[in-house]
1. Given the condition open to solvent by 10 Å² or more (accessible area, probe 1.4 Å) and closer than 26 Å to GLU190 by Cα, answer yes or no: does some residue in the range 49-67 qualify?
2. Of all residues being closer than 27 Å to PRO128 by Cβ and hydrophobic (A, V, I, L, M, F, W, C) in the range 189-214, which is most open to solvent (accessible area, probe 1.4 Å)? Just the residue, please.
3. When PHE101 is evaluated against the numbered criteria (1) closer than 23 Å to GLN8 by Cα; (2) part of a loop (DSSP other than H, G, I, E, B); (3) aromatic (Phe, Trp, Tyr), which criterion, by number, is the only one it fails?
4. Looking at ALA59 and the list (1) part of a helix (DSSP H, G or I); (2) touching a residue at least 60 places away in the same chain (Cβ under 8 Å); (3) of a type in the set (A, V, I, L, M, F, W, C), which single condition is not satisfied?
5. In the range 151-159, is there at least one residue being assigned to a loop (DSSP other than H, G, I, E, B), modelled with pLDDT of 90 or more and open to solvent by 70 Å² or more (accessible area, probe 1.4 Å)?
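The values are calculated or read from the model by the stated rules, or taken from the named source; none is laboratory data. Keep in mind that what you see is a predicted model, and the values were worked out from it rather than measured. Cβ placement follows ideal geometry from the backbone for every residue including glycine, while neighbour counts extend to all protein chains displayed. When the accessible area is computed, the model is the full protein with side chains, heavy atoms only, and any ligands, DNA or RNA have been set aside. Shrake-Rupley method; radii C 1.70, N 1.55, O 1.52, S 1.80 Å.
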Amino acid sequence: MSAPVAVQRILVSLATYNERDNLAPLISEIQAAVPEADILVIDDNSPDGTGKLADELAAKDARIHVLHRPGKLGLGTATLAGVRYACDHDYGLLVNMDADFSHPPRYLPALLAGMKQQDVMIGSRYVPGGGVSNWPWSRRVLSWGVNSVARLLFRIPAHDTSGAYRCYRVSRLRQAKLENMVSRGYSFQEEMLYRCRKAGCRIGETPIIFENRRAGKSKVDPHEAMRSIGVIFLLGFKAFLGWDGDAQPGP
């Protein structure tokens, strides 16, 4: 008789800053979709009391955990904090998603199902069945352009390189040299995917519809967005030419 397959522990990471109105209903929908998952809230000292609410929810549910950070340190460093937590606490799979309902929890089962064959699964806006809801044409064009450039320069075999709705195999993240990450802003997603690619990760995609946040204000910073595009070009050209300080990516 063959040995039973070990069940991989799942951690869903939510980086929060002023998401009090979204947090409780989002956690409820995540738990309805994936009841076996733990949830990590990484709060950047939200003035609206998001961190306090997270503590109250965690006190009632052992599946909820909270990390408090001293201020608004950015999505990139929050993602890395989630990676460290997943590694330190021996989780098998780490799901990263936005905390404003732009990444609907209903797609979690498909994202996790893809991990049977992949090491990274992307909730993709740009594969058949995927899309965005109520975006102006300017944002659509910018997103398409950034993804096209990243695919070319970083040689990433995926259509959606900038989306943050992803599932990672934690054992492969340990091999991805994330300690060498340069990006901290919006370019973080492309660089992280590139480093996973270089570590030999198998990358897959499942369609999602990216939706508008349900409550609160958008955190999109146009100046940071432009700076991050510059970082993508700089890192991308170095990667394309093999000048990034690591081994050159495969074909």
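1. Taking every residue of the range 49-67 in turn, at least one turns out to be open to solvent by 10 Å² or more (accessible area, probe 1.4 Å) and closer than 26 Å to GLU190 by Cα.
2. Per the criteria, the residue is ILE209.
3. (1)
4. Just one mismatch for ALA59, condition (2).
5. There is at least one residue in the range 151-159 that is assigned to a loop (DSSP other than H, G, I, E, B), modelled with pLDDT of 90 or more and open to solvent by 70 Å² or more (accessible area, probe 1.4 Å).
Residue-wise test of (1) of a type in the set (A, V, I, L, M); (2) at negative phi.
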site: ARG9; (1), (2): no, yes
site: LEU14; (1), (2): yes, yes
site: ALA24; (1), (2): yes, yes
site: ALA32; (1), (2): yes, yes
site: GLY49; (1), (2): no, no
site: ASP55; (1), (2): no, yes
site: VAL66; (1), (2): yes, yes
site: GLY76; (1), (2): no, yes
